[in-house]
Structures are given as C-alpha cells and as structure tokens.
Amino acid sequence: MMEPKYKRVVLKISGEALAGENKFGLNEEMLSMVAKQVKALVELGVQVAVVVGGGNFWRGRTSKSMDRATADYMGMLATVINSLALQDAFEAIGIPTRVQTAIEMKEVAEPYIRRRAMAHLSKNVVVIFAAGTGNPFFSTDTTAALRAAEIEADIILLAKKIDAVYSDDPEKNPDAVRFDQLTHKEVLDRGLGVMDSTAASLCMDNKIPIHVFGLSEPDNVIKAIYGEKIGTIIK
C-alpha cells in the first residue's frame, strides 16, 4: 500500500468553495465531502490542520465605504462561522476536532496556542485555525502560511473553486494559460492571484510548498496527499 507523501499538512479551504453552487452561505454537500476526505487523511495517519476563508459570507475588501480594519474583523468572524460548521461536519463522522481562534472567544473555541495545537495534531486531532491571524490587513492565505511555518507543516494544500493556477481568471478569459508547476518567485513576479504576496513570500522564505487544486472533485485531497499530479505545485 502506498504511503502518504506528507505527514503533517495545512489544508486551506476558500470560503467560496464551501458555498458550492450557491455562491453564498454553506453547502451541506460540500461540508460533507470535505469531512469525508479529511477523515480519509486522518485514517492514513496524516496530521491535518485546517484554515478556512470567509468569502462565502463576507469579503471586506470589496467594500468601498467601510473602514478597512472593521471590514477585516467582520471577515474574521465569518471564518469562525465556517470553522464551527466544519467542526460539526467532522465530528458527525467521528473525527475529533478542535477549533482555535486568533481572537479569544472561549465560549465557542480554544484560543490559538501553538504548543497546544501541536499536541492535538500529535494525537490525530484535527485542528481548525479560525479568525485569521487576529489582525486586520492580513488574509487567510497569510494565516495558512504563518500557521504552516509555526506547526512545521510539510505542505499547504490550497483547495479552491478553480482547479489550478492560471495566468488569468479562466472564467473571464478563455485563453488563460494553466500552470502545472511554478516557483514561489514566479508567483510573485507574475502577480498570479493564487494567494497574496505576503503569503507567497512567507512560504518562499520558509520553503513551504503549496499544492493548488479544485475542491469540487471528491478525491482531490486524497490525490494531493499521495503527491499525484493534479492542479498546480508551487515550490
């Protein structure tokens, strides 16, 4: 039997991907599909940490009138909603899970503590990092890069609505070029929208590879953990 290529991963899920075809809110079929794939990883002995965006409820950067810091704090709360939904979906099929938030809200989740997170992971408990970094002006992509560095993850699995990295938005530009492999520097130099420059720089500095793929395919997370050639590898 093949061994997983990675032992500890950060799975970054976009909020929009959790909305499925609804484009807003939560799609229960998507939650269930993610939960089943995460359970398969746990059963393979892979330690899984999750970072989820909040774009299915709120994208503060698109607001032209609201104070940016306020909009970003609202976005952090949206990630908590998604994190609790994922926790419920995970635990419904027997995956022990803890949500840790960068903003203290002890009634619903643990505060983020690096050593506690790593202790959970060592016991095959899935840890969901919510509320971003706890600071405005930083994206959940940056959160994924930061937490991956802190917990010494082998890779970031970047599960998105689109199936790979393209030179342009493939929904708007049918001539957009699909990339199978890139370096962190190429992502930065070309200004590709796979993740923001802060996150890409953090991954480059800490030599953290990123595997970008579509979440909608039911087995893509499993394929990625075995190192199969799906989506785009950034390293």
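The values are calculated or read from the model by the stated rules, or taken from the named source; none is laboratory data. For clarity, every value in this text was computed on a predicted model and none was experimentally measured. Here the Cβ positions follow ideal geometry from the backbone for every residue, glycine too, while neighbour counts run over all protein chains shown.
What the table shows:
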read-out	value
Of all residues in segment 1-36 being of a type in the set (S, T, N, Q) and surrounded by fewer than 19 Cβ atoms within 10 Å (Cβ to Cβ), the one that is nearest to GLU152 (Cα to Cα)	SER32
Near pairs, Cβ below 8 angstrom, 6+ apart or cross-chain, from segment 142-164 (more than 22 Å from GLN37 (Cα to Cα)) to any residue that is acidic (Asp, Glu) and surrounded by fewer than 23 Cβ atoms within 10 Å (Cβ to Cβ)	THR142/ASP196
Candidate set from segment 92-135 (those that are assigned to a helix (DSSP H, G or I) and touching a residue at least 60 places away in the same chain (Cβ under 8 Å)); member that is nearest to ARG59 (Cα to Cα)	ALA117
Filter result (in a loop (DSSP other than H, G, I, E, B) and on the phi > 0 side of the Ramachandran plot) within segment 15-36	LYS23, GLY25
Condition met for PHE138 (in contact with a strand residue (DSSP E or B) (Cβ under 6 Å, 6 or more places away or on another chain), of a type in the set (A, V, I, L, M, F, W, C), in contact (Cβ under 8 Å) with a residue 60 or more places away in the chain and buried (at least 17 other Cβ atoms within 10 Å of the Cβ))	no
For VAL177: the one exception among (1) surrounded by fewer than 16 Cβ atoms within 10 Å (Cβ to Cβ); (2) within 19 Å of ALA200 (Cβ to Cβ); (3) hydrophobic (A, V, I, L, M, F, W, C); (4) modelled with pLDDT of 95 or more	(4)
Exclusive hit being surrounded by 15 or more Cβ atoms within 10 Å (Cβ to Cβ) and closer than 16 Å to VAL51 by Cα, set MET204, MET118	MET118
Residue check, GLN87 within 20 Å of MET118 (Cβ to Cβ), in contact with a strand residue (DSSP E or B) (Cβ under 7 Å, 6 or more places away or on another chain), assigned to a helix (DSSP H, G or I) and among the polar types (S, T, N, Q)	yes
Considering residues of segment 215-235 that are over 20 Å from ALA148 (Cα atoms) and in contact with a helix residue (DSSP H, G or I) (Cβ under 7 Å, 6 or more places away or on another chain) only, the residue surrounded by the fewest Cβ atoms within 10 Å (Cβ to Cβ)	PRO218
Residues located in segment 141-177, provided they are among the basic types (Lys, Arg) and either within 15 Å of the chain's Cα centre (by Cα) or within 29 Å of VAL46 (Cα to Cα) (or both)	ARG147, LYS160, LYS161
So ASN82, is it among the polar types (S, T, N, Q), under 18 Å from the mean Cα position of the chain (by Cα), outside any helix (DSSP H, G or I) and closer than 20 Å to SER139 by Cα	no
Residue satisfying all of: in segment 63-81; under 16 Å from SER14 (Cα atoms) and among the β-branched types (Val, Ile, Thr); surrounded by the most Cβ atoms within 10 Å (Cβ to Cβ) among these	THR79
Count - residues of segment 81-107 that are modelled with pLDDT under 95 and either of a type in the set (A, V, I, L, M, F, W, C) or closer than 18 Å to LEU18 by Cα (or both)	0
